[in-house]
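S.K.: Dropping the structure in here first, questions after.
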Amino acid sequence: MELECYPTAERPPEIVPGRPQRAWMESFAERHPYRCLPLTMANTTGWEILCPMSFTAEWNGGLFQEDIILKPDNPHPDFHNFAKSHFSHGVVTFHPGYL
C-alpha cells in the first residue's frame, strides 16, 4: 500500500504502516481484542503517525481551553504546534504536520 503525504511542518513525525500485533491486545486473556474484526482491520490496513515526543495532559473537567494543560515531558521545539486544544471541553487536537 502506498501513502502520499506532503509535509506542512519542518520536522513532521514519522509515519509507518499499521502493525497487526499490539502489546496491549496481547496482554488480554485469550487475546480477546483480536476477535474484534474492525479493530484488527484498522491495525493492519491503516497507518500510524508516531508521536515525536512524550507529554502530559491534564484536564480539570472545565469547559474552556484554559482547563486543559498540555506539557511536554522534555523540552521539544515543535510541541506547541503538535498538540493543542481547539475545541475545549477536554478535547485535545493533534496536528501531524502532513497534508
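FYI, it's all coordinate maths here, none of it is from the lab. These figures come from a predicted structure and were not determined experimentally. Cβ sites come from the backbone with ideal geometry, for glycine too, and all protein chains shown count toward neighbours.
S.K.: Let me have the 222 nm mean residue ellipticity of the chain computed from DSSP H runs of 4+ only, each contributing -39500 (n - 2.57), with the sum over all residues rounded to the nearest 500.
M.R.: Mean residue ellipticity, 222 nm, calculated: -3500 deg cm²/dmol.
S.K.: In debye, nearest 20, what is the charge dipole magnitude of the chain about its Cα centre with +1 on Lys and Arg Cβ and -1 on Asp and Glu Cβ, if you could check?
M.R.: 260
S.K.: Loop only per DSSP, at most 12 neighbouring Cβ atoms within 10 Å: give me the chymotrypsin sites (Phe, Trp or Tyr not before Pro) in the stretch 1-86, ordered by residue number.
M.R.: Phe28, Phe64
S.K.: Another question, then. At 0.890 mPa s and 25 °C, plugging the Kirkwood radius over alpha-carbon pairs of the chain into Stokes-Einstein gives what diffusion coefficient in µm²/s? Show your work: numbers first, answer last.
M.R.: On the way: Rh = 15.9 Å.
Once the numbers are plugged in, D ends up at 154 µm²/s.
S.K.: On full extension of the chain, what length is gained from Gln21 through Trp47, given 0.36 nm per residue of separation minus the C-alpha to C-alpha distance?
M.R.: 8.0 nm
S.K.: From the phi angles alone, apply the Karplus equation (6.51, -1.76, 1.60; θ = phi - 60°) to the stretch 65-77 and give each ³J(HN,Hα) in whole Hz, x where the residue is Gly or Pro.
M.R.: Result, rounded to whole Hz: 4, 5, 7, 10, 10, 10, 9, x, 5, 9, x, 8, x.
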